[in-house]
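See structure below.
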Amino acid sequence: MGFRSFLHRITAPPLDGVRLQGPCKMVCIVNHGLKMGKGKIAAQVGHGAVMAAMKAGGEKPMYLEQWLASGQKKVCLKGEDAEHLLSIEKQAKAAGISSTVVHDAGHTQIPNGSLTVLALGPDSETLLEQITGDLKLL
C-alpha cells in the first residue's frame with residue numbers, strides 16, 4: 001500500500017450502508033451471438049467490469065468494498081444474443097441487482113451500438129446464481 005492509499009484509508013469517512021451476507025462476485029455475460037474475437041471479448045468484459053465497479057462505488061459502496069476486500073471474484077458467461085442479455089438484465093433489476101450494459105463504439109469488428117456485455121453486481125453469489133446459474137461459462 002502506497003503512502004497516499006494509507007493516508008486516504010485513515011482519513012476517509014467510514015462507509016455506510018447494508019453489508020452483503022456471504023460471498024460476493026461480479027458476473028459478466030457476453031453476447032455470444034456477435035461472434036467477437038477473443039481480444040474483443042476481453043476488452044468488452046474489461047469495460048463492463050470497470051463500469052460496474054464504478055457504478056457500485058456510487059450506488060452500493062459497501063458491496064464494492066466487500067467485493068474488493070474479498071478478491072474481486074468475476075465470472076464470464078455466454079449469453080445468446082442482445083435480447084437474451086436484456087431479459088437477464090430485467091430479472092436482475094427486479095431482484096435489486098445492479099446492472100451495467102456495454103455498447104460497442106463500432107471502431108473494429110462489430111457495428112456501432114451493439115450490446116456486447118451485461119455486467120451484474122458486485123452482489124451476493126447466491127442471488128446472482130438464481131438468475132445466471134443456467135448459463136454456460138465462456
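When you go through 25, 136, 73 one by one, which is the residue that is surrounded by 18 or more Cβ atoms within 10 Å (Cβ to Cβ) and in contact with a Lys or Arg (Cβ under 6 Å, 6 or more places away or on another chain)?
Values: 136 fails: surrounded by 18 or more Cβ atoms within 10 Å (Cβ to Cβ); 73 fails: surrounded by 18 or more Cβ atoms within 10 Å (Cβ to Cβ).
Among 25, 136, 73, only 25 is surrounded by 18 or more Cβ atoms within 10 Å (Cβ to Cβ) and in contact with a Lys or Arg (Cβ under 6 Å, 6 or more places away or on another chain).
Does residue 128 satisfy being crowded, with 20+ Cβ neighbours inside 10 Å, assigned to a strand (DSSP E or B) and among the hydrophobic types (A, V, I, L, M, F, W, C)? Let's see the steps before the verdict.
Details: crowded, with 20+ Cβ neighbours inside 10 Å: yes; assigned to a strand (DSSP E or B): no; among the hydrophobic types (A, V, I, L, M, F, W, C): yes.
Considered against the rule, which asks whether it is crowded, with 20+ Cβ neighbours inside 10 Å, assigned to a strand (DSSP E or B) and among the hydrophobic types (A, V, I, L, M, F, W, C), residue 128 comes out as no.
For residue 97, state whether it is surrounded by 18 or more Cβ atoms within 10 Å (Cβ to Cβ), in contact with a helix residue (DSSP H, G or I) (Cβ under 7 Å, 6 or more places away or on another chain), more than 15 Å from residue 52 (Cα to Cα) and among the hydrophobic types (A, V, I, L, M, F, W, C). Spell out the reasoning first.
On the way: surrounded by 18 or more Cβ atoms within 10 Å (Cβ to Cβ): yes; in contact with a helix residue (DSSP H, G or I) (Cβ under 7 Å, 6 or more places away or on another chain): yes; more than 15 Å from residue 52 (Cα to Cα): no; among the hydrophobic types (A, V, I, L, M, F, W, C): yes.
It is false that residue 97 is surrounded by 18 or more Cβ atoms within 10 Å (Cβ to Cβ), in contact with a helix residue (DSSP H, G or I) (Cβ under 7 Å, 6 or more places away or on another chain), more than 15 Å from residue 52 (Cα to Cα) and among the hydrophobic types (A, V, I, L, M, F, W, C).
Regarding residue 48, is this residue in contact (Cβ under 8 Å) with a residue 24 or more places away in the chain and under 16 Å from residue 130 (Cα atoms)?
Details: in contact (Cβ under 8 Å) with a residue 24 or more places away in the chain: yes; under 16 Å from residue 130 (Cα atoms): no.
It is false that residue 48 is in contact (Cβ under 8 Å) with a residue 24 or more places away in the chain and under 16 Å from residue 130 (Cα atoms).
Give me the pairs, please: first residue somewhere in the range 93-120 and free of Cβ contacts under 8 Å to residues at least 40 places away in the same chain and on the phi < 0 side of the Ramachandran plot, second residue anywhere and in a loop (DSSP other than H, G, I, E, B) and of a type in the set (S, T, N, Q), beta-carbon distance under 9 Å, and either six or more positions apart or on two chains.
103/112; 103/114; 105/112
State all residues of the range 46-62 that are under 12 Å from residue 102 (Cβ atoms) and crowded, with 21+ Cβ neighbours inside 10 Å; if no residue qualifies, say none.
48, 49, 52
Here is a yes/no grid of residues against (1) at pLDDT 95 or above; (2) closer than 18 Å to residue 20 by Cβ; (3) assigned to a helix (DSSP H, G or I):
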position: 47; (1), (2), (3): yes, no, yes
position: 63; (1), (2), (3): no, yes, yes
position: 77; (1), (2), (3): yes, no, no
position: 87; (1), (2), (3): yes, no, yes
position: 102; (1), (2), (3): yes, no, no
position: 107; (1), (2), (3): no, no, no
position: 111; (1), (2), (3): no, no, no
position: 119; (1), (2), (3): yes, yes, no
position: 123; (1), (2), (3): yes, yes, no
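How about the range 35-45: which of its residues are buried (at least 19 other Cβ atoms within 10 Å of the Cβ) and within 13 Å of residue 102 (Cα to Cα)?
41, 44, 45
The values are calculated or read from the model by the stated rules, or taken from the named source; none is laboratory data. The shown structure was predicted, so the numbers you read here are calculated from the model rather than taken from an experiment. Virtual Cβ from ideal backbone geometry, glycine too; neighbours counted across all protein chains shown.
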